[in-house]
Amino acid sequence: MLRIKNLEAGYGKLRVLKRISLHVNPGEIVTLIGANGAGKTTLLSTITGLVRATAGEIVLKGQNIETLKAEKIVFRGCSLVPEGRQVFATMSVRENLVLGSYVQHRQGKEQLREGIEYIYDLFPVLRERKAQLAGTLSGGEQQMLAMGRALMAKPALIMLDEPSTGLAPLVVKNIFRIIERLREEGNTVLLIEQNAKAALKVADRGYVLETGKIILEGQADELLANRDVQRAYLGRDVKEN
Amino acid sequence: MYWDEKNECMPREDLGQLQLERLQSTLYRVATHVPFYRQKFKELKVDPDGFRSLSELTSLPFTTKQDLRDNYPYGLFAVPLRDVVRVHSSSGTTGQATVVGYTQNDLKTWANLIARILTATGVTNDDVVQIAFGYGLFTGGFGMHYGAERVGASVIPISSGNTKRQIQIMQDFRTTALICTPSYALVLADAMQELGINTSSLSLKYGLFGGEPWSEAMRQEIQNKLGIIATDNYGLSEIMGPGVAGECRECSGLHLAEDHFLFEVINPETLDPVRPGEIGELVITTLTKEAFPVIRYRTRDLTRIIEEPCPCGRTLRRMQRVLGRTDDMLIVKGVNVYPSQIEHILFEIEGTRPHYQIVVEREGRLDKITVLVEVVESIFFDEMKKQREIIETIKRQLASELGIGVEVKLVEEKTLERSDGKAKRVVDKRKL
């Protein structure tokens, strides 16, 4: 689905991504964990074309996309749920969803209605709030709306940037349940999280990003069992020293 | 039948991506955690962060058995000892041994790789697996054990030796799969013949053999005598133990676990890669090992990589059965023996000359090793008692050094064959 080789990117003279190689297979949840400033969001921005790659390649469904413009990449089937939700606050829930279907604009009204119904089934709370302004939703609801909006594009790959940030524990749990549901529905997910434990529990595989480099790759359960990961990201008590 | 179809039958292109990703993180890991590699990279001006393609592999330094010895015991570990849950040691000797460690994840990977080769032979959770490899520091017994448990088979951890008991248990417990060295399989077959046991009355179906070089003729003999399907598997403790490669039912080459290791074949003289399909020394780089990652380990084993796809459907390439060694190491009864070890002991013993010859034979089914030692004339002609003493001393010391029994014969000075002034140290009479 997605294959990245030796990707480098940065802002001006600042090299943020030093040499990233990773892949996401169809139907997989792959998580990328790493501390603040490791380059997680930069990587997503580079994949979506918001930041230009300075070296390396990004292949989506067998085609190189690293030189394409951001809006073209969305059309290729790669959607991003940005950090901090970023829903259109002054528009209604339904309007947000309709906007998300923009890349599918050639579809008929019937398909659009079905698409929205599908999102409402996935997130029943959005149906209840469909006429409400998005800005009045709670954080968790906004997160669901942002995910729903991305799904409206029927993406081949959906990328989630820190979906649990700033949410109450119970809501976080719910969000992760939905991510698992996404996989059951056959979606391919690249999940970026600081909540490494929760992310690794839902993911199939994972990568550990540190100062712009992938330092570890593995099955999610292996990463959970890796002592370095435990010490650095899972808050394991290191009393044994 | 596959244990891990997704990885065993992965498209080669996907495999290449996975190998690159894993190699990049392995290089980062060894450069960060293993001073030996940090130093080597510095010397060779290798930038571990600059590694961009598998074709750059040849720019990386080799690791040799000597490097492992120099860093005895824990010098090459990439994790703190508290993360290591198992330690194995190769059949070496005091000061010469090499130590390898495993994290929890390493053990899991290992068990899965063994499960692959067991499944490839046909072993399932319905089988009763008799493991007649030595349990202990040797990786054979425990390695196979955890893999067989992973498959869900009923495991009999009988360990090596005591042939009669092996046969008794094989009959009583209705063993369906035998795991040992190929030569021991023949010992069992012969013993059964002597005891008048009809092998067709056994439940035995499969045999997975490894730990020493063997031949196609031996396979036929084992298959005929025991009435089983016999497959070859390959591994070495420095890399992981058994499970590095193993045959499928096609029995024409051992599938390499390429998702966990990178394999190269080099010319042992020039150290350059050989052309695809040519014979050379196998060099292995680990891709997923946590505790004991190794970069370009020179196995000293001669083989070639078979590039043609296998009819079994696995996309993992195969290597031909090991054809020999590039160094003078002997594998006797599954134990690695270096002539230099024997030499070292002989030097310490008074009255012997620095000329000796090691003769390895196969007596019946078992390897026998005889050391011919030149002694000073006075001892040879005069003192019978002194002779016996010397023989006993050498025997005792060799046995404790090598871990296997050795015959010793004293010969007169200058009777051992010399070519170009250089003694012929090893005579291997075994026909493998």
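Some observations on this one:
- The distance separating the Cα centre of the stretch B:325-376 from that of the stretch A:137-163 comes to 71 Å.
- Net charge of neighbours whose Cβ lies under 10 Å from the Cβ of B:Lys333, counting Lys and Arg as +1 and Asp and Glu as -1: -1
- Taking the Cα centre of the protein assembly as shown as reference, the dipole from Cβ charges on Lys and Arg (+1) and Asp and Glu (-1) amounts to some 1700 debye.
- Percentage of interatomic Cα-Cα distances in the stretch A:107-241 larger than 27 Å: 29
- Note on B:Arg69/B:Val427: beta-carbon distance plugged into 1/(1 + (r/R0)^6) with R0 of 35 Å gives a FRET efficiency of 0.85.
- Residue mean of other protein chain beta carbons inside 10 Å, A:226-233: 3
- Loop chymotrypsin sites (Phe, Trp or Tyr not before Pro), the stretch B:214-278, which have at most 16 other Cβ atoms in a 10 Å radius of their Cβ (DSSP): none
- Averaged over peptide A:59-72, the number of partner chain Cβ atoms lying within 10 Å of each residue's Cβ comes to 0.
- Kirkwood-based shape ratio for the stretch B:223-271, expressed as Rg/Rh from alpha carbons: 1.10
- In terms of overall dimensions, the C-alpha atoms belonging to chain A reach 58, 42, 31 Å along their principal axes, ordered largest to smallest.
- Computed [θ] at 222 nm, helices only, for the protein assembly as shown once each DSSP H run of length n ≥ 4 contributes -39500 (n - 2.57): -10000 deg cm²/dmol
- What you get for the stretch A:87-154, charging only the Cβ of Lys and Arg (+1) and of Asp and Glu (-1), is a dipole of about 160 debye around the Cα centre.
- Degrees between helix A:169-184 axis and first principal axis of chain A (Cα, 0 to 90, nearest 10): 80
- Per-residue mean of foreign Cβ neighbours for B:17-25 is 6 (Cβ atoms of other chains, 10 Å radius).
- Relative contact order %, the stretch A:1-128, counting alpha carbon pairs below 8 Å whose residues are six or more apart: 20
- Among the GluC sites (Glu not before Pro) in the stretch B:205-261, those located in a DSSP loop and surrounded by at most 16 other Cβ atoms within 10 Å of their own Cβ are B:Glu250.
- Charged-residue dipole, Cβ positions (Lys, Arg, Asp, Glu), chain A about Cα centre, Debye nearest 20: 500
- Around A:Thr41: net Lys/Arg minus Asp/Glu count, Cβ-Cβ under 9 Å: -2
- Chain B: relative contact order as a whole-number percent, Cα under 8 Å and 6+ apart: 14
- Residue among B:Ile349, B:Tyr184, B:Val129 farthest towards the positive dipole end of chain B, charges placed on Cβ: B:Val129
- Among the helices of chain B, those built from whole DSSP H runs whose Cα atoms reach 20 Å or more along their own axis and whose mean Kyte-Doolittle hydropathy is at least -1.0 are B:12-33, B:104-121, B:384-402.
- Comparing B:Ser55, B:Ser160, B:Ser340 in a Gaussian network model of chain B where C-alpha atoms under 10 Å apart are linked, the largest mean-square fluctuation is found at B:Ser55.
- The Cβ shell under 11 Å around B:Leu323 holds other residues with a net charge of +1, Lys and Arg each +1, Asp and Glu each -1.
- Distance between the stretch A:1-73 and the stretch A:196-226 - C-alpha centres, whole angstrom: 17
- Applied to the stretch B:286-295, the Karplus parametrisation 6.51 cos²θ - 1.76 cosθ + 1.60 on θ = phi - 60° returns per-residue 3J(HN,Hα) values of 7, 10, 10, 4, 9, 6, 9, x, 10, 9 Hz, with x for Gly and Pro.
- The value of relative contact order for the stretch A:136-202, using C-alpha pairs under 8 Å at least six residues apart, is 37 percent.
- For chain B, with +1 on Lys and Arg beta carbons and -1 on Asp and Glu, the positive-most of B:Leu282, B:Leu44, B:Ile169 along the dipole: B:Ile169
- Trypsin sites (Lys or Arg not before Pro) restricted to DSSP loop in the stretch A:58-138 with at most 13 other C-beta within 10 Å: A:Lys69, A:Arg106
- Loop-exposed GluC sites (Glu not before Pro) per DSSP, neighbour cap 11 Cβ within 10 angstrom, longest uninterrupted part of chain A: A:1-184
Any read-out appearing in this document is the output of simple, stated calculations on the displayed coordinates, not a laboratory observation. Please read all numbers here as calculations on a predicted model, not as lab measurements. Virtual Cβ from ideal backbone geometry, glycine too; neighbours counted across all protein chains shown.
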